[in-house]
Amino acid sequence: MTCKECKTVYPLEAKYVCERCFGPLEVAYAPPAEIDADALRRRIQAGPHSLWRYRDFLPLANGAPRGLLPAGWTPLLKADRLAERLGLGEVWIKNDAANPTHSFKDRVVAVALARAKELGYEVVACASTGNLANAVAAHAAAAGLDSYVFIPSDLEEQKILATGVYGTHLVAVRGNYDDVNRLCTEVAGEHDWAFVNINMRPYYAEGSKTIAYEIAEQLGWAVPDRIVGPIASGSLFTKIAKGFEEWIELGLVKGAVPTMNGAQAAGCSPVATAFAEGTDICRPVKPDTIAKSLAIGNPADGPYAVELARKTGGAIDAVSDDEVRQGIKLLAETTGIFTETAGGVTTAVLKKLAERGDIDPNERVVAIITGEGLKTLDVVRGTFEAYEIDARYESFEEKVDLPAEVAA
Ligand SMILES: *Cc1c(COP(=O)(O)O)cnc(C)c1O
Ligand SMILES: [Zn+2]
């Protein structure tokens, strides 16, 4: 691992801050020696239909672990109706709701847990905004590890239920995510546990790169022109770029890192605010938004996300809760994909970029949909109405609007 700031090199241990400058540590990728691009592509294609097909690019000593929940290899769908609605040429949806616990967090947990097992940990833990709780509890259950999952106590009920069911130690903290995270940093100092997003964070973060690899492979070994993706801590957003960068450097794909557009909810938008103000200092905020999975008021990778958006000619935008609801509806109505609030944020920002004329019709755009709509059901309540009728044909005729040609 190397320090992102001063470049000091460290061994692959459960360590996450630089001893010299307190900068974050990042796994430094070393390409498999003596393998050329064609051989590497064949090796990937012969691998399993999960993120372990990219094991050569992940920080594990013993290759792909067996017997865990297979994460990744989610669908990349061409969204022509959405593109048409937005006046865009080519839009793709990377549907990461199609993971074992229905969010992209299965990727980061798969990698962090595999490394935690290699390092000999018997207890895993996390501080979560919701989806990470589901993933840690499930993957720990599959791996036979003890787990402690810390969440803000006001989390969506669906996410709490879909965590507790796995038999984890579920700790509901009276406070917001940033309070939970602070508490967990303290707990991590007292107990020798593998906190997937604290002391295991460099490994956790590497899991996100696999979204970029999959998109490139699914597009026929090509890089899209633009990525639109959500930002909470900024880890996913920055690692997607790292994934493309690594493959470009290796010659697995041609081109440049895509234009990177970040998406936040206005009720928790420290990164979008920093971008708008032309600084990379993300002033912490107190989150107040329906997009709870993105509600991190003090984002660890915020400055790197701002820098990345600027460097690639992208931007970081924020959308209101109302726009988030409309984003969820827009995606559902045009693609058949029901996403949670984070996906609503991403779709709403895509719409905003299209309306602002930021996207050229010739561009190939990929929107990263990170979670499942059934986990945040409450936010779509009241956005439509069912016809209530009696169980008689007359009642059906009387109450239900029929398609024009049938009614005539
Ligand atoms: C965690 C999460 C994200 C982004 O998280 P980062 O901290 O920015 O990596 C995006 N969408 C969903 C649904 C999430 O759960
Ligand atoms: Zn350092």
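The values are calculated or read from the model by the stated rules, or taken from the named source; none is laboratory data. The structure presented is a predicted model; accordingly, all values stated were derived computationally and were not measured. Quick reminder, even Gly has a Cβ in these numbers, built from the backbone with ideal geometry, and neighbours come from all protein chains shown.
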Only one of Cys282, Cys268 is buried (at least 20 other Cβ atoms within 10 Å of the Cβ), within 16 Å of ligand 1 (Cβ to nearest atom) and under 18 Å from the mean Cα position of the chain (by Cα); which? Cys268
Yes or no: Gly89 more than 16 Å from ligand 2 (Cβ to nearest atom) and either closer than 30 Å to Leu331 by Cα or at pLDDT 90 or above (or both)? yes
Matching option when the condition is of a type in the set (D, E, K, R), over 24 Å from Tyr213 (Cα atoms), more than 15 Å from ligand 1 (Cβ to nearest atom) and crowded, with 19+ Cβ neighbours inside 10 Å, among Lys351, Lys329: Lys351
Condition set in contact with a helix residue (DSSP H, G or I) (Cβ under 7 Å, 6 or more places away or on another chain) and part of a loop (DSSP other than H, G, I, E, B), scope region 8-32, selection farthest from ligand 2 (Cβ to nearest atom): answer is Pro32
So, in region 33-46, how many residues would count as being surrounded by 12 or more Cβ atoms within 10 Å (Cβ to Cβ) and either within 16 Å of ligand 2 (Cβ to nearest atom) or part of a loop (DSSP other than H, G, I, E, B) (or both)? 1
Which residue, of Ile227, Ile281, is without any contact (Cβ under 8 Å) to a residue 24 or more places away in the chain and either over 17 Å from Lys94 (Cα atoms) or of a type outside the set (Gly, Ala, Ser) (or both)? Ile281
Regarding Ala318, is this residue within 25 Å of Ala79 (Cβ to Cβ), in the same structural domain as Lys239 (by TED's automatic domain parsing) and at pLDDT 95 or above? yes
Being without any contact (Cβ under 8 Å) to a residue 60 or more places away in the chain and farther than 19 Å from Leu145 by Cβ is the filter; apply it to region 51-78 and report the residue that is surrounded by the fewest Cβ atoms within 10 Å (Cβ to Cβ). Gly63
List the strands (runs of 3 or more DSSP E) inside region 47-129, counting only whole elements, that have at least 1 residues being among the acidic types (Asp, Glu). 90-95
Within region 45-66, is there a residue that is within 25 Å of the chain's Cα centre (by Cα), more than 16 Å from ligand 1 (Cβ to nearest atom) and more than 28 Å from Asn99 (Cβ to Cβ)? no
In region 372-408, anything part of a loop (DSSP other than H, G, I, E, B), within 30 Å of Ala291 (Cβ to Cβ) and in contact with a helix residue (DSSP H, G or I) (Cβ under 9 Å, 6 or more places away or on another chain) is listed as Thr383, Phe384
How do the pairs read when you match residues in region 2-19 that are within 15 Å of Glu206 (Cβ to Cβ) with residues anywhere that are of a type in the set (Ser, Thr, Tyr) and within 8 Å of ligand 2 (Cβ to nearest atom), using Cβ under 8 Å and keeping only pairs 6 or more apart or on different chains? Thr2/Thr8
Index of the failed condition, Pro299 passing every other in (1) in a loop (DSSP other than H, G, I, E, B); (2) within 16 Å of the chain's Cα centre (by Cα); (3) under 23 Å from Arg325 (Cβ atoms): (3)
Check off (1) outside any loop (DSSP other than H, G, I, E, B); (2) within 16 Å of ligand 2 (Cβ to nearest atom) for Glu5 and give me the number that stays unchecked. (1)
List the residue pairs whose Cβ atoms are under 8 Å apart, where the first residue sits in region 94-108 and is at positive phi, the second is part of a strand (DSSP E or B) and surrounded by 24 or more Cβ atoms within 10 Å (Cβ to Cβ), and the two are 6 or more positions apart or on different chains. His102/Gly371; His102/Glu372
Can you name every residue in region 340-367 that is among the small types (Gly, Ala, Ser) and either part of a helix (DSSP H, G or I) or not assigned by TED's automatic domain parsing to the domain that holds Ala263 (or both)? Ala342, Gly343, Gly344, Ala348, Ala354
